[in-house]
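*Asks:* What follows is a single structure, and I will ask about it in a moment.
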Amino acid sequence: MPPDPEDAGIRIQKYLSQAGVASRRVAEEMILQGRVRVNGRVVRTLGSRVRPGRDRVEADGAPVEEARPRWILFHKPPGVLTTRTDPQGRTTVYDLLPKGARELRYVGRLDQDTEGLLLLTNEGDVLHGLTHPSGEVEREYEVWVKRVPDAGALGRLEEGVELEDGPARAHRVRVLRKTREGAVLSLVLLEGRKREVRRLLEAVQCPVLRLLRVRFGPVRLGVLEAGAWRELNTDEIRALRDAARAEEPS
């Protein structure tokens, strides 16, 4: 007769990640540094398992409570900071989200003037898989620019341009429509470097007027209004875990 999975428990680093303590990689470092206790005893073995609801787990002396995996999709308005607190008292995304969301971590920062899709979660290992450059998870933007880029400019964006922090390129880019000021582009990146979209377009003399993230991996912004949020559904969460190559919670 196979053992009861509940008795076997789950790996302690996975438990810490699901509880929102840290990503799985950081949780492993905490274990090796002797910062984690199970039932009062320091645990330094990464393969150790805990039984949720039965074992008492502490990290840096604080109790760790089992957390239900949670994902929120937020439509960040322009002018709002993607940070937990701001010394200058400016509005942050957490000021616009419910109190229960303050324990969630954002998946890929958006600049102050950039708007659109922002994911937040307490699944640290999935977050890491989605944001690490090696994962090559697509981020799609709609970009309003000051002029209509010609074929040469679009080609340069896809071939790559040299920025101050190294070469960068768009995975895909196309003109969606022309506007009175210039054009609206669809631009897809495989990484999330600071102000990368704006810097790419400045390099081909197409200054950005407005920048909206409409997709992160398999999840789309849809018709959600600016400043509004919703919980992700089961299919969306599963698709994000697949994109991050993360395991299902056990």
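*Asks:* Find the residue count for segment 192-228, including only residues that are over 24 Å from Arg180 (Cβ atoms), within 16 Å of the chain's Cα centre (by Cα), at pLDDT 95 or above and surrounded by fewer than 18 Cβ atoms within 10 Å (Cβ to Cβ).
*Replies:* Residues that pass the stated criteria total 2.
*Asks:* Could you say which residue among Gly100, Gly116, Gly79 is in a loop (DSSP other than H, G, I, E, B) and either on the phi > 0 side of the Ramachandran plot or out of contact with any helix residue (DSSP H, G or I) (no Cβ under 6 Å at 6 or more places or on another chain) (or both)? Full working, then the answer.
*Replies:* Details: Gly100 fails: in a loop (DSSP other than H, G, I, E, B); Gly116 fails: in a loop (DSSP other than H, G, I, E, B).
After applying the criteria, what remains is Gly79.
*Asks:* Going by the conditions given, is Leu200 aliphatic (A, V, I, L, M) and in contact with an Asp or Glu (Cβ under 7 Å, 6 or more places away or on another chain)?
*Replies:* no
*Asks:* Can I ask one more? Mind checking which strands (runs of 3 or more DSSP E) fall wholly inside segment 171-240 and carry at least 3 residues that are farther than 22 Å from Thr82 by Cβ?
*Replies:* Answer list for segment 171-240: 172-178, 183-189.
*Asks:* Looking at segment 4-23, can you tell me whether even one residue there is of a type in the set (Asp, Glu) and touching a helix residue (DSSP H, G or I) at 6+ places or on another chain (Cβ under 8 Å)?
*Replies:* Checked against the condition, which is being of a type in the set (Asp, Glu) and touching a helix residue (DSSP H, G or I) at 6+ places or on another chain (Cβ under 8 Å), segment 4-23 yields no hits at all.
*Asks:* Condition (residue is closer than 21 Å to Arg199 by Cβ, surrounded by fewer than 21 Cβ atoms within 10 Å (Cβ to Cβ) and out of contact with any strand residue (DSSP E or B) (no Cβ under 7 Å at 6 or more places or on another chain)) applied to segment 90-108: is it met by at least one residue?
*Replies:* There is no residue in segment 90-108 that is closer than 21 Å to Arg199 by Cβ, surrounded by fewer than 21 Cβ atoms within 10 Å (Cβ to Cβ) and out of contact with any strand residue (DSSP E or B) (no Cβ under 7 Å at 6 or more places or on another chain).
The values are calculated or read from the model by the stated rules, or taken from the named source; none is laboratory data. On a predicted model such as this, the values are computed, not experimentally measured, just so you know. A quick note on method: Cβ atoms are made from the backbone with ideal geometry, for glycine too, and the neighbour counts reach across all protein chains shown.
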